[in-house]
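For reference, the structure discussed in these notes is given below.
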Amino acid sequence: MIDEIRILIDADACPVKEEIYKVAFRYEVAAVIVSNSYLRIPQHPLLSRIVVSDGFDAADDWIADQANSKAVVITADILLADRCIKAGAMVIGPNGKLFTANMIGAAVATRAIMADLRAGGDIIGGPAPFAKADRSRFLSALDAALVQLKRK
C-alpha cells in the first residue's frame with residue numbers, strides 16, 4: 001500500500017475531513033486518518049483509521065514515517081509539513097495553502113519567532129478563522145495534487 005497514492009491526514013483538529021473523504025472516493029485514493037483519539041469515520045474500503053498514543057508528536061511521527069513521494073499530507077502543523085516535504089510528500093494545509101520546499105524554511109522560522117514572542121508574554125493574534133473560501137481553496141489544491149500524482 002505504501003507504493004500507492006494515498007492521503008495522510010493529521011486529523012485531530014482538521015476541519016476538512018469530510019471534503020477529503022469525498023475527494024478520496026472520487027479519485028479512488030486511500031485516505032488514512034491519523035489521530036491521538038478515536039474519531040468516527042465513514043465505513044469505506046478506501047478509509048482507514050490509525051489511533052496513536054497520546055504521546056507528544058505521536059501522530060506527527062507516524063505520518064512523517066509514512067510520508068513519501070506517493071503521499072499527500074494534510075496538516076496545519078508547519079514542523080510536520082517540513083518533515084513530510086523532506087520525505088518527498090506533497091503537503092497541503094486545511095486552508096488550501098500548499099507547503100513547498102521553497103517556502104517551508106521561512107514558515108518554520110516565522111513559527112519559531114511567533115513562539116518566542118508568545119513565550120515572552122506578547123499578545124499576538126492567532127491564525128485567521130477558517131472561512132468558506134479556505135474550504136474551496138483546499139478542495140482545489142487537493143484535486144490538483146492528486147491529478148499531479150496520478151500523472152507521474
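The values are calculated or read from the model by the stated rules, or taken from the named source; none is laboratory data. Only a predicted model underlies this, so the values are computations on that prediction, with no experimental measurement involved. All Cβ positions, glycine included, derive from the backbone under ideal geometry; neighbour counts span all protein chains shown.
Remarks
- Residue list for segment 1-55, restricted to those being more than 18 Å from Asp143 (Cβ to Cβ), hydroxyl-bearing (Ser, Thr, Tyr) and surrounded by 11 or more Cβ atoms within 10 Å (Cβ to Cβ): Ser35, Ser48
- Any chance Asn95 is at pLDDT below 95 and surrounded by fewer than 19 Cβ atoms within 10 Å (Cβ to Cβ): yes
- So Ser53, is it at pLDDT 95 or above and in a loop (DSSP other than H, G, I, E, B): no
- Extreme residue, surrounded by the fewest Cβ atoms within 10 Å (Cβ to Cβ), among residues of segment 56-79 that are part of a helix (DSSP H, G or I) and among the charged types (D, E, K, R): Asp65
- None of Ala24, Ala31 is out of contact with any Lys or Arg (no Cβ under 8 Å at 6 or more places or on another chain) and at pLDDT 95 or above except Ala24.
- Scanning segment 80-97 for residues that are part of a strand (DSSP E or B) and within 19 Å of Ala13 (Cβ to Cβ) yields Val91, Ile92.
- Test: residue in segment 67-77 that is within 19 Å of Gly96 (Cβ to Cβ) and of a type in the set (S, T, N, Q): yes
- On inspection, Ala24 qualifies as touching a residue at least 12 places away in the same chain (Cβ under 8 Å), touching a His at 6+ places or on another chain (Cβ under 9 Å) and closer than 14 Å to Leu146 by Cα.
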